[in-house]
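Shown next, in structure tokens, is the structure this report addresses.
Each reported figure results from applying straightforward, stated rules to the coordinates on display, with no laboratory input. Predicted model only: the values in this text are computed from it and were never measured. Positions of Cβ are generated from backbone atoms using ideal geometry, with glycine treated the same way; all protein chains shown enter the neighbour counts.
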């Protein structure tokens, strides 16, 4: 129970197990989390033990394939904190991979925000099963110390750093269905890759959001995935008619539009959760939309909550993978150090700093980095006396907790006022945990540099026309259909328009204006509301 403070007994038990049962996957709590709160530490350790054997075998096979192929580089695995770790670390600590896929996209969105000088951005990622969103300040997505898998009543807490992402079960493959009372729902169940949407022609009978987009003319069934895959509009129409339109007494177009509107509303609530619900005015933000389906739905969601500008980066369908290649190596450490700020014994503070520093150096050496290559940043979890939850405040030395505490107090009071709208400077402050983040910058930042490379068209294509349904009460209207790889920097487009590319489709609503930036990103300015 108290291995966070002294892990000697737990380490001895683990050594016995590993010696006598070498094929057993053993997880020790102090190796995963050196922090008090025994329930959260137990839950996190249990999660690691549960997924560990399967992930360990999978990554072992991956290493084997790499050796057979004579791969000479380092295999890095994405972490939930926005950094990467070695494959050996991932095999020991697979729970740190939780939500690492969505996190990677937000790292890329933050990098793009910095490049374009955007102080406040909303990253929006819509794929096949879910939509994810995060609020990004000065190019950095916020990190929360903990994550809940499932709902707040029956969910399983994971007490490790994770980028703050709000997720909703709405994606291109989310199934539309009607309840017994005649209500239309979309998701959270997904058709997955197999059989996928009805329009894939793989035997699916349930309509999904992609089927609705195809029926509305927003997707090009002949140029899906750059023409490598054909979508069957007749199958999509049949699925929507049978499962939605006929049960609800709707026209086909009305049913398809209803599916899309419900999905957009669900996703707009997620975007609202990271902005409006936290006191942030969406009118002061820019949405960065990516994922295979993100650019198709982003402008409708942005309009719903008054976000004025949407940016679609280059290669949006692969943007999470690109974000992964921009991530730094990172390792977070925590030690519980409890006491009143300014009354912590200097020896205790110095010992905690030294212990974290040694752990950081050991992690660097274990992953074959020079000790001097890492950047060490400390923080302390502080709270007013009597409070339960803490706020992490940046510190630099033991004295910031013992004798020279004025700066730490001022930072905590400022952060408390910013987060909760009030502060109590006259109250005593407690320190709960000391934290260390060690990062190693990427030596080769090819992908990051690629984001800022000047854009040159890579293909030629004639402009097309297609009738597209954009909104309620308005029938199909003729829209320009453009091939993104053929658009030169500086090109301006006034909606209605559809911009297609191999991995995604961007929808420009009537009155909205899009421009291709000098780096090749699409910048969409939404029409002002009258």
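Of note:
- Computed from the alpha carbon atoms alone, the convex hull of the chain holds 183 Å³ per residue.
- log₁₀ of I(q)/I(0) at q = 0.09, 0.10, 0.24 Å⁻¹ - region 1-114, Debye sum with one point per alpha carbon: -0.31, -0.38, -1.32
- Efficiency of FRET between residue 276 and residue 152 - r from beta-carbon atoms, R0 22 angstrom, step 0.05: 0.60
- Protection proxy ranking, peptides 53-59, 326-332, average beta carbon neighbours within 10 Å, highest first: 326-332, 53-59
- Region 425-517: C-alpha gyration tensor shape, a/c 1.5 cut-off, then a/b vs b/c: oblate
- A protection proxy built from the mean count of other Cβ atoms within 10 Å ranks the segments 487-499, 418-430, most packed first, as 487-499, 418-430.
- For the peptides 6-13, 224-231, 503-510, residues were scored by their other Cβ atoms within 10 Å and the scores averaged per peptide; the highest-first order is 503-510, 224-231, 6-13.
- Geometric descriptor of region 217-335, per residue, is 186 Å³ (volume of the convex hull of the Cα atoms).
- Sequence-separation-based contact order of the chain, relative, with Cα cut under 8 Å and 6+ spacing, percent: 13 percent
- Percentage, to the nearest whole number, of Cα pairs in region 464-525 over 16 Å apart: 42 percent
- Cα centroid separation - region 372-387 against region 222-262, whole Å: 52 Å
- Prolate/oblate/rounded call for region 270-321, Cα gyration tensor, a/c under 1.5 rounded: prolate
- In plain terms, the residue of 389, 521 with the fewest other Cβ atoms within 10 Å comes first and the most crowded comes last, giving 389, 521.
- P(r) histogram, all alpha-carbon pairs of region 204-249 included - 5 Å bins from 0, percent: 5, 25, 30, 22, 11, 5, 2, 0
- Relative to one another, the C-alpha centroids of region 318-363 and region 460-530 are positioned 46 Å apart.
- Shape category assigned to region 45-165 from the gyration tensor of Cα positions, a/c cut at 1.5: oblate
- Exposure proxy ranking, count of Cβ atoms within 10 Å, fewest first, for 134, 174, 403: 403, 134, 174
- Only helices enter the 222 nm calculation for the chain: every DSSP H run of n ≥ 4 contributes -39,500 (n - 2.57), and dividing by all residues gives -10000 deg cm²/dmol, rounded to 500.
- Square roots of 5 times each gyration tensor eigenvalue, C-alpha, region 330-440, largest first, Å: 27, 15, 11
- Looking at region 464-525, the DSSP beta bridges with both ends there are about 80 percent antiparallel.
- Entry for region 174-263 at q = 0.13, 0.20, 0.21 Å⁻¹: log10 I(q)/I(0) = -0.36, -0.84, -0.93, Debye formula applied to identical alpha-carbon scatterers, no solvent contribution.
- Taking the fewest neighbouring Cβ atoms within 10 Å as the starting point, the ordered list for 286, 468, 26, 310 is 26, 286, 468, 310.
- Put the Cα centre of region 15-29 next to the Cα centre of region 176-190 and the gap is 47 Å.
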